[in-house]
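Below is one structure, written out as structure tokens; comments come after it.
Here, each number is a calculation from the coordinates, and none is a lab measurement. Remember, predicted model here, so these are calculated numbers, not experimental data. Cβ sites come from the backbone with ideal geometry, for glycine too, and all protein chains shown count toward neighbours.
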Amino acid sequence: MKTFHIAGLEPLAPVVPAPMSGYSDRAWREIARAMGCNYLIVPLVSAEGLARADVKTEALVDIEGERRPVVVQLFGSRPASLAAAAQRLEARGVSAIDLNLGCPARRIVAHDGGAALLKHPRLVAELMHALRSAVHCPVTAKIRAGWDESSPPAVEIARILEAEGAAAIAIHARTGRQQFKGTADWRVIAAVKQAVRIPVIGNGDIRSGADAWRMCCETGCDAVMIGRAAIGNPWLWREALAWLAAEGPPPTPPAPPSLAERLDMLRQHAALMARYRGEPRGIVEFRKHAVQYLRGVRNSRPLKHVFLSCTTLADIAAAIEAFQAAAAERPLHS
Ligand SMILES: Cc1cc2nc3c(=O)[nH]c(=O)nc-3n(C[C@H](O)[C@H](O)[C@H](O)COP(=O)(O)O)c2cc1C
């Protein structure tokens, strides 16, 4: 599996970084591109906010000068607002628009957005129809396995989306009510893949390249989407791409990152955050990534602690230097 295809876009790498609000910002997308991904999604932008040209909402769409393809994910439950928002985005040159039908957060479902829409198949059809009629670029959707066990199943929603012109569907194989609990039921991905002809991107609980390949084998999905496990470990996307390219264990597996490489990536990521978000804001937002780059690293607790008070790039650099100096002094088998 080398690429997958969404009508109207260039060939796409079959590993897709999951849209994650608070994480998958411009810096993260740039790192994902360096790891070989090229289908990148700006997460969870309010259609209502965009439709009324709200400045803060517009600022979330930080895509000026960014490489394409870049997709923007919208949430909302009113066809007219989604259509107006999509037109504004198309005028800004987005490659595709993704409709969020999967977010279980209370502030979204309280307004019947995100995963709550899975309870209302007719409205889902109207929303996709409105989007498709409003823009020329592809429109995709990200769904869940359903709202809960008793709501219309993902297969029904997927068929509706396809009939209304969706160009691809990503599916996180948990219900909305499950949020992130339990394990993802990949059988739902297989069922959706069987039910539609448009590309299906499988999502949920991939933690290794082997997992990515297993999801492809078990579900027949056209691409995989990886989120949480890539936080602080963007090499996972590269590893998954290697497995999918080799259709099994890669003959020369990419080496796991050394401590020096982790620290180097951490510095690069911080620099991108400072570039795109400024100091101190970008560095404050970066803290949650910084601690994740040190997941599993021995004796890193004091450094993680220091990161939580960093406000500048210089603070980050000094903290890393102090950590490396302490590591150099430590006896080898301490
Ligand atoms: C912190 C966080 C934020 C998320 N934000 C979004 C979002 O904005 N839009 C969306 O479609 N999914 C969002 N998700 C869900 C992920 O895209 C993905 O479906 C989920 O994490 C399961 O994949 P994973 O097991 O690879 O993490 C978010 C998940 C997390 C953990």
Rounded, prolate or oblate (a/c below 1.5 giving rounded, otherwise prolate when a/b exceeds b/c) for region 201-254 by Cα gyration tensor | oblate
Once you list every other residue whose beta carbon is under 15 Å from the beta carbon of residue 129, what net charge do they have if Lys and Arg are +1 and Asp and Glu are -1?
-> +1
Between helix 186-195 and the chain: long-axis angle, C-alpha atoms, 0 to 90°, nearest 10 | 40
Relative packing of peptides 231-237, 97-103 - highest average C-beta neighbours within 10 Å first = 97-103, 231-237
Fewest to most Cβ atoms within 10 Å: 129, 305, 172 sort as 305, 129, 172
Rounded to the nearest 10 degrees, what's the angle between the helix 209-219 long axis and the longest principal axis of the chain, both from Cα atoms, 0 to 90?
-> 20
Residue-ordered couplings for region 290-305, obtained by feeding phi - 60° into the Karplus form 6.51 cos²θ - 1.76 cosθ + 1.60 and rounding to whole Hz (Gly and Pro as x), are 3, 5, 6, 5, 9, 4, x, 7, 5, 6, 9, 4, x, 5, 4, 4
Have a look at the DSSP beta bridges in the chain and tell me what percent are antiparallel, nearest 5.
-> 5
Binned at 10 Å from zero, the C-alpha pair distances of region 31-152 give percents of 14, 46, 31, 9, 0
Test item: Cα-centred dipole of region 15-246, Lys/Arg +1 and Asp/Glu -1 on Cβ, debye = 160
So what's the angle, to the nearest 10 degrees on a 0 to 90 scale, between helix 154-163 and the longest Cα principal axis of the chain?
-> 70
Over 24 Å between Cα atoms, which of 2/193; 2/119; 181/288; 2/288; 142/304; 181/304 qualify?
-> 2/119; 2/288; 142/304; 181/304
Residue exposure sequence - 23, 293 - by fewest surrounding Cβ within 10 Å = 23, 293
How do 222-228, 308-314 rank on mean C-beta neighbours within 10 Å, highest first?
-> 222-228, 308-314
10 °C / 1.306 mPa s Stokes-Einstein diffusion coefficient of the chain, Kirkwood radius on C-alpha pairs, µm²/s | 77
Of the convex hull enclosing the alpha-carbon atoms of region 259-329, the direction-averaged projected area in nm² is 4.0
Any chance you could check the Cα centroid distance between region 1-74 and region 75-109 for me, in angstrom?
-> 13
